[in-house]
Amino acid sequence: MVRWMVSELPAGWAETTLGAIGSVQSGMGFPLEMQGQTEGVYPVYKVGDVSRGVLLDRGILRRSTNYVDAEAAAILKGHIFPEGSILFAKIGEALRLNRRAIVFREGLADNNVMGFKADQGIDDGFLYHFLRTQDLASLSRSTTIPSIRKSDVEDITISLPPLAEQKRIVQKLDALLAQVDTLKARIDAMPALLKRFREATLTSAMSGTLTKDWRIESSQSTAPEAPRMCRQLLANERERIWRGRGKYKPAVRSGEVDASEFSNLPEVWHRGTLDEITWSVKDGPHFSPKYATDGVRFISGGNIRPGRIDLSTGKYISQELHEELSARCKPEYLDVLYTKGGTTGFAAVNRTESEFNVWVHVAVLKMLPPSVVDPFFVEFALNSPECYAQSQRYTHGVGNQDLGLRRMIKIVLPVPPIGEQREIVRRVEQLFAYADQLEAKVATAKQRIDALTQSLLAKAFRGELVPQDPAAEPASVLLDRIRAQRAATPKPKRGRKAATS
């Protein structure tokens, strides 16, 4: 949004200020004891109502969350904003949002809201669209809490066309912006569709549907003994790695776990647990370490999202502390990191060989050798809706949520033969890459659509959206008439008040 004036006025246009063609009024104090009434003669518009009008009703203010009757309105002594008034926030962070809504049902406003009403002979819709081009927050003189005064709005300059042209501009803008809104709604729906696409892809992959043709072509669709052999292979590898590391404890098996997920897998797949496919599951220190200004990155659960580890925003610990903590838990290349505190149930393979360490909210999963378990397959499995649902069941606590390690290792997941694991990874990565490309195109389209709205508004207020009519009454004559009407009308002390019954 910018404040601008037309360098060369179109024929019939005139330069003026908002204060010369309308009135600016502020809302009134609205005591808490008078709030909460859900029906009445007058709505009392608040900043939240303006936002809902913009976000849900294309900038039209039809309803409020608070109402008062005529008697209460008279006590409040607030200005009644008539139909066609344009309301907006006048203070606080809401001012920076630059949201405007046009009043459909007359009502009052609280003292966080300001409103503008055009004089007779000025189209309300034209002023509404004009105010959408203005960055009111830039008028704030405060460096702490942004706020604007009536005079700030009254002094805004505007290039005014004849009334007939104002109406044509509004009609054209309404039609074009409705099309833009339709496009924007479709674009805004795409992230949710892509999220469902990724979830459906993982569900298909983890059920065996995605690679059904691969099993048939590779003659691996039937082998009743395969799950037992897979289970034994996992157990042998796990025990082999454990030799010399202490007393070996057999893994928890899916038959010992109360879970319904993955109960109908392909015949050659093993229904395993996270415990079966890992030889170590540990988390970071259960205390806040001493941080340093540089050194080794130290990350928490907030640095991990499905399939992605962000080391750019982590804190630092010293090299000495890193080595001390690594004696118990050290993230290494191709380990799977799994969030277990705060936001739980997100998995990502460590794709970097750079050194870093983790806090208690992150579990480091040491996988069995890639000859039997593909870590990228495990990442996809743990991020599937079925495994995520289990992680949430195992997450305990309200304020301080925790997916305990002993519960985490009970998560049930499918374990196909290693060849099919790799084929699943290849296919899922291919489909996710397609979704990523589409997501990038959607982001670009969204930027263009957002820019299109401002482009159309700018074009309208430069006089380029509709043709001028040489026979139309010039705006200068309209301004003279408004000045004459104002001079002939006694200036009221306040805006119109509600009548008591």
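A short reminder: the numbers here are calculations on the coordinates, not readings from a lab. The shown structure was predicted, so the numbers you read here are calculated from the model rather than taken from an experiment. Cβ coordinates were reconstructed from backbone atoms using ideal geometry, including for glycine residues, and neighbour counts include every protein chain displayed.
Per-residue ellipticity at 222 nm from helix content only, as computed over the chain with -39500 (n - 2.57) for each DSSP H run of at least four residues, stands at -12500 deg cm²/dmol. About its Cα centre, the chain has a charge dipole of approximately 660 debye under the convention of +1 per Lys or Arg Cβ and -1 per Asp or Glu Cβ, with nothing else charged. Structural descriptor for the chain: relative contact order 19 percent, calculated from alpha carbon pairs under 8 angstrom and at least 6 residues apart. Under the criterion of Cα pairs below 8 Å and six or more residues apart, the relative contact order for the stretch 221-416 equals 27 percent. Evaluating 6.51 cos²θ - 1.76 cosθ + 1.60 at θ = phi - 60° for every residue in the stretch 372-380, the Karplus couplings come out as 10, 9, 8, x, 6, 5, 5, 4, 5 Hz, glycine and proline recorded as x.
Exceeding 21 Å between C-alpha atoms, which entries from my cross-link table qualify? They are Lys46/Lys184; Lys90/Lys167; Lys46/Lys117; Lys195/Lys282; Lys46/Lys150.
Over 21 Å apart, Cα to Cα: Lys46/Lys184; Lys90/Lys167; Lys195/Lys282.
Loop sites by DSSP among the chymotrypsin sites (Phe, Trp or Tyr not before Pro) of the chain, restricted to those with at most 13 other Cβ atoms within 10 angstrom, leave 5-247 as the longest stretch without any of them. When the stretch 1-141 is described by a simple charge dipole with +1 on each Lys and Arg Cβ and -1 on each Asp and Glu Cβ, the residue from Val68, Phe116, Leu55 located farthest towards its positive end is Leu55. Restricting the calculation to alpha carbons of the chain gives Rg and Dmax of 32.3, 101 angstrom.
The Cα atoms of the stretch 221-416 cover 58, 39, 28 Å along the three principal axes, with the biggest extent listed first. Across the stretch 1-114, the relative contact order, built from alpha-carbon pairs under 8 Å that are at least six residues apart, equals 34 percent. Ignoring aspartates and glutamates fewer than eight residues from Lys315 along the same chain, the ones with Cα atoms less than 12 angstrom from its Cα are Asp294. Which GluC sites (Glu not before Pro) does the stretch 375-439 hold that lie in a coil by DSSP with at most 15 other beta carbons within 10 Å? Within the stretch 375-439, no GluC sites (Glu not before Pro) qualify (loop, at most 15 other Cβ atoms within 10 Å).
Selection among Pro370, Leu479, His270 by position relative to the dipole of the chain gives Leu479 as farthest towards the positive end (Cβ unit charges, Cα centre). Taking only Cα atoms, what is the 0 to 90° angle, nearest 10, from helix 475-488's long axis to the longest principal axis of the chain? With rounding to tens, the tilt is 70 degrees. Counting only Cα atoms, the size of the stretch 304-365 along its three principal axes is 30, 23, 22 Å, in decreasing order.
Spatially, the stretch 107-148 and the stretch 332-396 are offset by 50 Å when compared through their Cα centroids. Treating each Cα of the stretch 325-407 as an identical point scatterer and summing with the Debye formula, the log10 of I(q)/I(0) at q = 0.16, 0.17, 0.19 Å⁻¹ comes to -0.62, -0.70, -0.86.
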